[in-house]
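For reference, the structure is listed below as C-alpha cells.
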Amino acid sequence: MFDKLIGRSPNFEAMLRSARMVASTDVTVLLAGETGTGKEVLACALQQHSPRAGKPFVTLNCAALPESLAESELFGHRKGAFTGAVGNQTGRLQAADGGTVFLDEVDSLPLALQAKLLRFLETGEIQPVGETRSERVDVRVIAACNSDLNEKIARGEFRKDLYYRLNVVPLEIPSLRERGSDVDLLLRHYMAHFAGEHNVKPSQFGKSALQVLHAYSWPGNVRELRNLCERLSILLQGRVIEKENLPLEITGAAAQGGKSVFTLPDFGIQLEQVEVDLIRQALTRTQGNRSQSARLLGISRDTLLYRMQKYSIDL
C-alpha cells in the first residue's frame, strides 16, 4: 500500500519514513493534511503493514454523520433504544474488533461524542446505545483531520484531552504545492496508469502545459491532479497536451499566481532577512496565530514552526 503514496520530495519522504516505522506498532495515529492529500490512502497503508493486516479495516467519515445518529454509528445500539431502532446494530468500533478503525474528519464529532470516544481510547470499552453493560473491543484507532485542532480547542469545539489522546504519533502529509518536483512524477504516473486502465493510447504533457501545471497551486492536491489526468487521458488520448488543452480554471489560476509580487532591487537582498521579516509580518497580522500565519505564507504549520525555531523568532 505504501507504493500508492508517490513522491520523492524530502518532506514527503520524511513523512513516509515515519509512517513505515509507526505501521508496525499498535500506536494511535493522528493524520493531518489538506483535503485531497491522501490521508485515507496513508491510513490503509498503515493498516496493511501492521500486525493487524488482514483483519477488519473500518472507515467512518465523521463529517457525514447526522448528530442524532453519530453515537449509534460509532458504538452501535440495541433494539428499542430509540424511535426507529427496530433491531440491534453493530457499531463501527465493534465491527473493527481485532483490526483498525479510521476516523476521518474526527474534528467534526459532537462534543458529547468526543467524551465517549475519549473513554473508549482510555479503557478499550464500548457501550452501545440502550445497553446497560460495557464490552471490551480490541481496535487500533487512526484519526484524521484537515483543520487545525489547536484552533478548535481554543474555540471550545474540540476537547483538549481527546486531542492529546489521539495525537500520540502525528503525521502530516504535505500539500502538493509544498512538494516541488513531485508534480512531474505524479503527472507521469497517473497518465500512464489511466492509459492502461482505460485501454487508450498514452498521452503526454507538452512544455507549455507543464509550465502552467508547475505554476498552479493545486488546491485539491493529489486528488485534483489525479482527476485531471484521468479526464485528459480519455478526452485527449494519444495526444501531446499543451496549455490550450488545460481547463480554464487551471490556466487562469496559474497565470494569476505567476505574476511577480516582488521586484529584486539592483543592489540585491539578504534572502534570510526577507524571510524573517515576512514571518514576523504574518505573525503580527494574525496576532501570533501560527496556523493563520502559515496559511498567509503558503506553508504548513510545521514548516512555520521549524523556521521560527531556525531564526529564533518568538512572538
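Residues that are assigned to a helix (DSSP H, G or I) and either touching a residue at least 12 places away in the same chain (Cβ under 8 Å) or of a type in the set (S, T, N, Q) (or both) within region 113-127 comprise 113, 114, 115, 116, 117, 118, 120, 121, 122, 123, listed in sequence order. Number of residues in region 196-231 that are more than 21 Å from residue 7 (Cβ to Cβ) and either in contact with a strand residue (DSSP E or B) (Cβ under 8 Å, 6 or more places away or on another chain) or of a type in the set (Gly, Ala, Ser) (or both): the value is 3. Among helices (runs of 4 or more DSSP H) entirely within region 175-254, having at least 1 residues that are among the aromatic types (Phe, Trp, Tyr) and not assigned by TED's automatic domain parsing to the domain that holds residue 146 singles out 182-197.
Kindly provide the set of residues from region 82-110 that are of a type in the set (A, V, I, L, M), free of Cβ contacts under 8 Å to residues at least 40 places away in the same chain and assigned to a loop (DSSP other than H, G, I, E, B), ordered by number.
Within region 82-110, the first condition is being of a type in the set (A, V, I, L, M), and the residues that meet it are 85-86, 93, 95-96, 101, 103, 106, 109.
From what's left, free of Cβ contacts under 8 Å to residues at least 40 places away in the same chain: 86, 95.
Passing the criteria: only 86.
Go through the residues of region 44-53 one by one and say whether even a single one is under 24 Å from residue 107 (Cα atoms) and either in a loop (DSSP other than H, G, I, E, B) or outside the structural domain of residue 107 (by TED's automatic domain parsing) (or both). For region 44-53, residues under 24 Å from residue 107 (Cα atoms) and either in a loop (DSSP other than H, G, I, E, B) or outside the structural domain of residue 107 (by TED's automatic domain parsing) (or both): absent. Of the listed requirements (1) over 20 Å from residue 93 (Cα atoms); (2) in a loop (DSSP other than H, G, I, E, B); (3) free of Cβ contacts under 8 Å to residues at least 60 places away in the same chain, residue 25 misses just one: (1). Does region 3-20 include one or more residues that are in contact with a Pro (Cβ under 8 Å, 6 or more places away or on another chain), of a type in the set (Asp, Glu), farther than 22 Å from residue 97 by Cβ and assigned by TED's automatic domain parsing to the domain that holds residue 167? No, the conditions are met nowhere in region 3-20.
The values are calculated or read from the model by the stated rules, or taken from the named source; none is laboratory data. Keep in mind that what you see is a predicted model, and the values were worked out from it rather than measured. In this analysis, Cβ positions are derived from the backbone assuming ideal geometry, glycine residues included, and neighbour counts consider all displayed protein chains.
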